[in-house]
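See structure below.
Coordinate-derived values only; no laboratory data. The structure displayed is predicted, hence computed values, not measured ones. Note that each Cβ is placed from the backbone with ideal geometry, even for glycine, and that neighbours are counted across all protein chains shown.
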Amino acid sequence: MLVFLLAGHETTATSLAFALHLLGRHPEEQALAREEIVRVLGDRTPEAADLDRLPYLTRVLKEAMRLYPAAPVMGRNAVAATEIDGYAVPAGATVILAPWVTHRHPRYWSDPDRFDPGRFTPEAEAGRPRYAWFPFGGGPRACIGQHFSMLESVIALAMLLRAYEVEAVDTEVPVSAGITLRAMGPMRCRIRPVEKEEPEGQR
Ligand code: HEM
């Protein structure tokens, strides 16, 4: 339970913060996300089954986690000596895998620094190696909370974006990589309540 709290809290908060920051810098994508939320949910409270009905919002979140993976590096210990791509790995060595690097590698991502949720359409995903995007790690020790986290994040984003417009104030956000990725300075944004359109006939 303790690991659930530790591993699940800051990671999800970081991913949501960067998703809002990126949407705050990209009003067109924010408008597309809000259009989907209003069309699918109307005024009702989202529930688990809505995840599949909010594909654009899911893509936004995946793209935010590509650019700002909450766990920017992770490691594995080699149980036996081996060779990977010509590099000798002695037994007991720690091998570092870095989503931060792979997620911005031009071999897998064109114009890698650009925010583009379109990279996560099913067709685009099928065209990439399985581990070009791995914010939740992989293999038997992959994140146990991956699906729960996507669910809570999409629901939280849906409720926030339905109610508020977000505009980024700080556009350059230097980050530092500890166990989790962190913004080194403030990541301020302006929020305004979304103006609701009045139904026909009541104008
Ligand atoms: C955006 C949110 C999250 C991210 C980016 C994330 C990322 C990760 C990563 C990279 C790992 C290590 C995987 C590996 O070494 O291959 C991990 C492990 C883990 N995560 Fe998450 N996580 C998130 C949310 C959550 C949530 C919500 C929970 C629980 C409710 C959770 C629980 C765990 C646990 C228990 C492990 C250890 C699994 C094991 O060693 O078998 N995580 N997570």
How far apart, in nm, are two points set 7 Å out from the Cα along the Cα-to-Cβ line at Asn77 and at Tyr131?
1.9 nm
Kirkwood Rh, Cα Rg: Rg to Rh for the stretch 150-196?
1.07
For Val3, net neighbour charge (Lys/Arg +1, Asp/Glu -1) across residues whose Cβ lies under 14 Å away:
0
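Calculate for the chain the 222 nm mean residue ellipticity that helices alone would give, adding -39,500 (n - 2.57) per DSSP H run of length 4 or more and normalising by residue count, nearest 500 deg cm²/dmol. Before the final figure, lay out each step's value.
Values: 6 runs with 79 residues, N = 203.
Mean residue ellipticity at 222 nm (helix-derived): -12500 deg cm²/dmol.
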Which of the chymotrypsin sites (Phe, Trp or Tyr not before Pro) found in the stretch 134-180 are loop residues per DSSP with 13 or fewer other Cβ atoms within 10 Å of their Cβ?
none
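Viscosity 1.306 mPa s, temperature 10 °C: Stokes-Einstein D of the stretch 1-76 from its Kirkwood Cα radius, in µm² per second?
Values: Rh = 13.9 Å.
Answer from the Stokes-Einstein relation: 114 µm²/s.
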The chain, convex hull of Cα, quarter of hull surface, nm² -> 14.1 nm²
For the stretch 18-98, the charge dipole (Cβ of Lys, Arg +1; Cβ of Asp, Glu -1; about the Cα centre) points to a positive end, and the Cα of Ala81, Thr94, Leu41 closest to that extreme belongs to Thr94
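Once fully extended, how much extra length lies between His9 and Asp111, figured as 0.36 nm per residue of separation less the alpha-carbon to alpha-carbon distance? Walk me through the numbers before you get to the answer.
Values: separation 102, 0.36 × 102 = 36.72 nm, distance 3.09 nm.
Extra length from His9 to Asp111 when fully extended: 33.6 nm.
Treat every Asp and Glu Cβ in the stretch 59-147 as -1 and every Lys and Arg Cβ as +1, leave all other atoms uncharged, and give the resulting dipole magnitude about the Cα centre to the nearest 20 debye.
The dipole of the stretch 59-147 has a size of about 160 debye.
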